[in-house]
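Engineer: To start, I am sharing the structure in question, which I have written as structure tokens.
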Amino acid sequence: MDDLVSSFSTVAIAAFVTFIACFAIVPTLLGILRFLGFYVIVEERQCLVYVLFGKIRLVLDEPGIHCPLATDLSWRAFFVNFFGDVRVVDLRLDQEYLRSQPVNSEEGAPMGIGVWYEMWISDPVAYLFKNADPRGSLRANIGNATVRNLSNMKLSSMLEDRHTMSKLVRDEVSDKSKDWGYSLGTVYVRKVHFRDANMIQQIEEKVVNRLRQVTSAIRQDGTNQVNLITSTADRQAAVEFAKAAAMRPFIVGSALNTIAQDKEVAEVMFEILENQKMLEGNVNVTLIPPDLRGDGLTQFLTAGQATQGGSLTKPGGPVGPPPPPES
């Protein structure tokens with residue numbers, strides 16, 4: 001039992017010592033070694049410049065773990081952190097946008113040009129020691145190149161041909177930027193605009209008026225097309241109706257000619273047509289039996305009823321003999 005407790009105690013002590021060593025002693029020891037210059041870690045797209053006694057002793061731009069003692073720096077690595085300096089330079093791609101660079105077109109219009117460009121540090125030593133503000137100098141150089149190369153261009157070219165404008169600016173700035181440790185990447189003219197508010201307002205008014213004219217012209221053209229289609233349809237319909245109206249007498253005449261060949265059928269048909277017209281005309285009809293038509297008294301009464309209006313016969317109702325005369 002005592003042996004088991006002793007073994008457990010030994011394991012616990014070893015684990016505690018290992019924990020302290022891994023999380024306290026080892027990092028502290030590595031930090032001391034790094035401070036003394038035994039090793040250094042260079043990140044991706046990063047450069048370390050060792051400066052000692054006013055001179056550049058070493059430049060490390062390859063990512064990884066390096067031992068300055070094994071380089072040209074040799075024993076001087078122990079004194080860099082005490083009497084010198086280690087400059088860290090970021091080599092990653094960077095970009096910037098210059099807004100509304102003032103230029104004038106060939107027609108005299110005040111324009112503003114926005115330039116977007118990319119750059120990265122290609123020479124860390126020149127970047128650190130050849131210019132106090134290389135980024136600001138590059139910005140000023142691009143702005144001057146934009147104003148100098150893009151002024152007095154035609155307004156139409158300035159608004160349309162941005163690729164040529166971007167190439168003009170980049171070709172002039174690239175050589176000068178290398179002297180300061182910068183390499184210029186893509187240069188692109190992103191925005192071209194008018195700087196005069198009154199001119200912008202006038203252009204907007206002209207555009208609105210032009211849109212109104214175009215809209216009116218389109219609407220008028222549509223109306224004309226509709227009227228043309230309507231008139232063409234009316235003309236074709238009138239022609240067809242005229243043909244139908246011309247055919248109607250021919251068809252009716254042919255039918256009557258065929259009916260007239262049979263005298264009895266013709267008489268019956270005309271009598272039916274006459275009665276139909278009388279019924280459709282809403283007139284008063286007095287019917288007299290055949291055996292009383294020659295009677296003088298009946299004729300007299302019939303003439304009197306015709307003078308006074310006769311008997312009323314409702315349209316569509318039965319037609320009967322007239323009422324007998326009052327005695």
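Engineer: Expected output is a single nm value to one decimal: the length gained when fully extending between Ile272 and Arg212, i.e. 0.36 nm times separation in residues minus the C-alpha distance. What is it?
Structural biologist: Values: separation 60, 0.36 × 60 = 21.60 nm, distance 6.81 nm.
Gain in length upon complete extension: 14.8 nm.
Engineer: Next up: Would you mind listing how long the stretch 150-231 runs along its three principal axes, going by Cα atoms, in whole Å with the largest first?
Structural biologist: Here the spans come out as 78, 30, 18 Å, largest first.
Engineer: Taking the square root of 5 times each eigenvalue of the Cα gyration tensor, what semi-axes in Å does the equivalent ellipsoid of the stretch 169-279 have, largest first?
Structural biologist: Details: eigenvalues 1618, 71, 21 Å².
Rounded to whole Å, the semi-axes are 90, 19, 10.
Engineer: Could I have the simple spin-label model distance between Lys154 and Ala15, label points 7 Å from Cα toward Cβ, reported in nm to one decimal?
Structural biologist: 8.5 nm
Engineer: For the stretch 61-162, with every protein chain kept in place, what is the accessible area per residue (1.4 Å probe, Å²)?
Structural biologist: Working: 5610 Å² over 102 residues.
Heavy-atom SASA per residue in the stretch 61-162 reads 55 Å².
Engineer: Something else: Which FRET efficiency value, to the nearest 0.05, do you get for Ile65 and Asp175 by plugging their Cβ-Cβ distance into 1/(1 + (r/R0)^6) with R0 = 45 Å?
Structural biologist: 0.75
Engineer: Could you give me D for the stretch 84-177, from Stokes-Einstein at 20 °C and 1.002 mPa s, where the hydrodynamic radius is the Kirkwood radius over C-alpha pairs? Units µm² s⁻¹, please.
Structural biologist: 145 µm²/s
Engineer: Just to be sure I understand the model, the point goes 7 Å from the Cα along the line to the Cβ. What's the resulting Leu228 to Ala197 distance in nm?
Structural biologist: About 4.8 nm, to one decimal.
Engineer: Which cross-chain or sequence-distant (5 or more) residues have an amide H under 5 Å from the amide H of Met153, H modelled 1.01 Å from N in plane?
Structural biologist: Glu106
Engineer: Now a separate question. Show me 107-113, 186-192, 199-205 ranked by packing, highest mean number of other Cβ atoms within 10 Å first. Let's see the in-between values first.
Structural biologist: Working: 107-113: 15.4, 186-192: 17.1, 199-205: 11.6.
The peptides rank, most packed first, as 186-192, 107-113, 199-205.
The values are calculated or read from the model by the stated rules, or taken from the named source; none is laboratory data. None of the values given here were measured: they were computed from a predicted structure. Don't worry about glycine lacking a Cβ; one is built from the backbone with ideal geometry, like all the others, and counts go over all protein chains shown. Ligands, DNA and RNA are excluded from the accessible area calculation, which covers all protein heavy atoms including side chains. Shrake-Rupley method; radii C 1.70, N 1.55, O 1.52, S 1.80 Å.
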